Amino acid sequence: MDAAKVSGPPSSELHFYDSARHEKWRMPILFDDTAMIAFNKPAGLPVIPERWHPEWPCLRRIVHERLNIPIFVVHRLDAGTSGLILFAKNEAAHRELCRQFAQHQVEKTYLALVKGEVIEDTITIQRALAPHRPGVMMIARNGKPSTTMIRVLERFRGVTLVAAQPQTGRQHQIRVHLQALGHPLLVDPIYSQTEAFFLSAIKSGFHLKKGETEQPLIRRLTLHASSLRFHHPEQKEFITLIAPEGKDFQAVVRNLRKYAK
C-alpha cells in the first residue's frame, strides 16, 4: 500500500512576477520533506531555462532563490504543460529518484483533452520518436522506442478526456503519440495547429454583444501532469502525489459536460 497519497489544497505556495512576460506565477507546494519538494507547475513556466527564451524565469531558479535550498532536477515537463513537478533536495535523493525514472519505475499519469471522439476505451501506442527539427518531434522508424498507454475517461461531442501514462520519457511523447492516433491535443500550436479553445465551438446559439470579443476558455496545451507514484527515496515506501488541474482546464471540462454531451 502507498505510504502516502497527497492531494487537495496545498499548505503554501510561491509567487513570482515575470517581468519579461508581465505574468504572475502561482506555484502551489504539493509536498515537502527532507528529501524532496513537489509543485503544481503552471502552464507557461519552464522547469529549467528555456532554450529559445533564456530571459524567461524558470521554476528551478525561482525555488532556489525564494526558498534558499539546494534543488536537483529529477524530471521535466514542457513549459506549456501544467502539473506535478518533483525536485530532490539532496544528492542521495536525487540519485535514487533519477534511478527510478531511468528504469521506468515511476508511474506517471497525465490528463489530456484531445480532438475527436476516441472509440477504444484503452489503447497502447508504440511508435518510435526522433527529432524533426529543433523543438519538434516526429514518428520515425529509426527513432527511439516509445510507448504510451491511453485510457478514455469521458467522451464529449468532438472532444475526449483521456488519461495518458507514458512508459518511456521522450520529448513531446504524449503530444506526438496522440497526433499519430488521430486525436491531437485540443490546444497545441505545434501538433494540432490550434492556439486556443472557445466556448462558441460547443455552445449552440452562442453570440456576442456588439463590440465584444470572445475570450478563450483555455489558451495553452490541454495537457496536465496529474500524478506520480514511486518509492520515497528515504522511507522506501510507495508514495502517490497528485496535482489538481488548473481552473482553465476545469472550466473546459465543465462546459463540455454542459454543452457537448
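The values are calculated or read from the model by the stated rules, or taken from the named source; none is laboratory data. In this text, all values refer to a predicted model and were calculated from it rather than measured experimentally. Methodologically, a virtual Cβ is constructed for each residue, glycine included, from the backbone with ideal geometry; neighbour enumeration extends over all protein chains shown.
Looking at the structure I just gave you, is Arg175 in contact with an Asp or Glu (Cβ under 7 Å, 6 or more places away or on another chain), crowded, with 20+ Cβ neighbours inside 10 Å and not aliphatic (A, V, I, L, M)?
On the way: in contact with an Asp or Glu (Cβ under 7 Å, 6 or more places away or on another chain): yes; crowded, with 20+ Cβ neighbours inside 10 Å: yes; not aliphatic (A, V, I, L, M): yes.
When the stated conditions are applied, Arg175 passes them.
Going through the stretch 74-89 one residue at a time, which ones are touching a residue at least 40 places away in the same chain (Cβ under 8 Å) and not hydrophobic (A, V, I, L, M, F, W, C)?
Residues of the stretch 74-89 that are touching a residue at least 40 places away in the same chain (Cβ under 8 Å), as a first pass: 75, 77-78, 80-89.
The answer is His75, Asp78, Gly80, Thr81, Ser82, Gly83, Lys89.
I'm trying to understand the selection: among the residues of the stretch 174-222, which are within 30 Å of Lys144 (Cα to Cα), touching a residue at least 24 places away in the same chain (Cβ under 8 Å) and in a loop (DSSP other than H, G, I, E, B)?
Gly182, His183, Pro184, Leu186, Val187, Ile190, Ser192, Glu195, Arg220, Leu221, Thr222
Search the stretch 224-261 for residues being acidic (Asp, Glu) and in a loop (DSSP other than H, G, I, E, B), and hand back the single one that is nearest to Leu77 (Cα to Cα).
First, pick out the residues of the stretch 224-261 that are acidic (Asp, Glu): 234, 237, 245, 248.
Filter once more, so that each one left must be in a loop (DSSP other than H, G, I, E, B): 234, 237, 245.
Numbers: Glu234: 24, Glu237: 25, Glu245: 15 Å.
Here the answer is Glu245.
Would the stretch 90-101 turn up any residue that is at positive phi and touching a residue at least 24 places away in the same chain (Cβ under 8 Å)?
no
Going through the stretch 34-54 one residue at a time, which ones are hydrophobic (A, V, I, L, M, F, W, C), under 11 Å from Ala79 (Cα atoms) and surrounded by 14 or more Cβ atoms within 10 Å (Cβ to Cβ)? Outline the logic, then answer.
Filtering the stretch 34-54 down to residues hydrophobic (A, V, I, L, M, F, W, C) leaves 35-39, 43, 45, 47-48, 52.
In the following step, the residues that additionally are under 11 Å from Ala79 (Cα atoms) were identified as 43, 45, 47-48.
Correct list: Ala43, Leu45, Val47.
Within the stretch 7-29, is there a residue that is modelled with pLDDT under 95, of a type in the set (Gly, Ala, Ser) and not in a loop (DSSP other than H, G, I, E, B)?
Yes, the stretch 7-29 has at least one match.
Among what's in the stretch 220-256 and is closer than 30 Å to Gln193 by Cα and among the acidic types (Asp, Glu), pick the residue that is surrounded by the fewest Cβ atoms within 10 Å (Cβ to Cβ). Spell out how you get there, then give the answer.
Of the stretch 220-256, the ones closer than 30 Å to Gln193 by Cα are 220-228, 242-256.
Checking the rest, the ones that are also among the acidic types (Asp, Glu) come to 245, 248.
Numbers: Glu245: 16, Asp248: 18.
This residue is Glu245.
Among what's in the stretch 144-157 and is part of a loop (DSSP other than H, G, I, E, B) and touching a Ser or Thr at 6+ places or on another chain (Cβ under 8 Å), pick the residue that is nearest to Leu256 (Cα to Cα). Steps first, please.
Taking the stretch 144-157 and keeping what is part of a loop (DSSP other than H, G, I, E, B), we get 145-146, 157.
Now drop any that are not touching a Ser or Thr at 6+ places or on another chain (Cβ under 8 Å), which leaves 145-146.
On the way: Pro145: 35, Ser146: 31 Å.
Looking at residues that are part of a loop (DSSP other than H, G, I, E, B) and touching a Ser or Thr at 6+ places or on another chain (Cβ under 8 Å), I get Ser146.
Return yes when Phe31 is touching a strand residue (DSSP E or B) at 6+ places or on another chain (Cβ under 7 Å) and crowded, with 16+ Cβ neighbours inside 10 Å and no when it is not. Steps first, please.
On the way: touching a strand residue (DSSP E or B) at 6+ places or on another chain (Cβ under 7 Å): yes; crowded, with 16+ Cβ neighbours inside 10 Å: yes.
Criteria met by Phe31.
Tell me, yes or no, whether the stretch 8-21 has at least one residue that is under 17 Å from Ala243 (Cβ atoms), in contact (Cβ under 8 Å) with a residue 60 or more places away in the chain, in contact with a Pro (Cβ under 9 Å, 6 or more places away or on another chain) and not acidic (Asp, Glu).
Filtering the stretch 8-21 down to residues under 17 Å from Ala243 (Cβ atoms) leaves 8-14.
Within this subset, residues satisfying the condition of being in contact (Cβ under 8 Å) with a residue 60 or more places away in the chain are 8.
Next, only the ones that are in contact with a Pro (Cβ under 9 Å, 6 or more places away or on another chain) stay: 8.
After this cut, where a residue has to be not acidic (Asp, Glu) as well, the list is 8.
Looking for residues that are under 17 Å from Ala243 (Cβ atoms), in contact (Cβ under 8 Å) with a residue 60 or more places away in the chain, in contact with a Pro (Cβ under 9 Å, 6 or more places away or on another chain) and not acidic (Asp, Glu), one finds at least one in the stretch 8-21, hence yes.
If Thr160 passes every condition in (1) surrounded by 20 or more Cβ atoms within 10 Å (Cβ to Cβ); (2) within 19 Å of the chain's Cα centre (by Cα); (3) in a loop (DSSP other than H, G, I, E, B) but one, which one does it miss?
Here Thr160 meets the rest and fails (3).
Filter the stretch 243-257 for residues that are over 14 Å from Asn40 (Cα atoms) and without any contact (Cβ under 8 Å) to a residue 24 or more places away in the chain and give the result.
Gln250, Arg254 - these are the residues of the stretch 243-257 that are over 14 Å from Asn40 (Cα atoms) and without any contact (Cβ under 8 Å) to a residue 24 or more places away in the chain.
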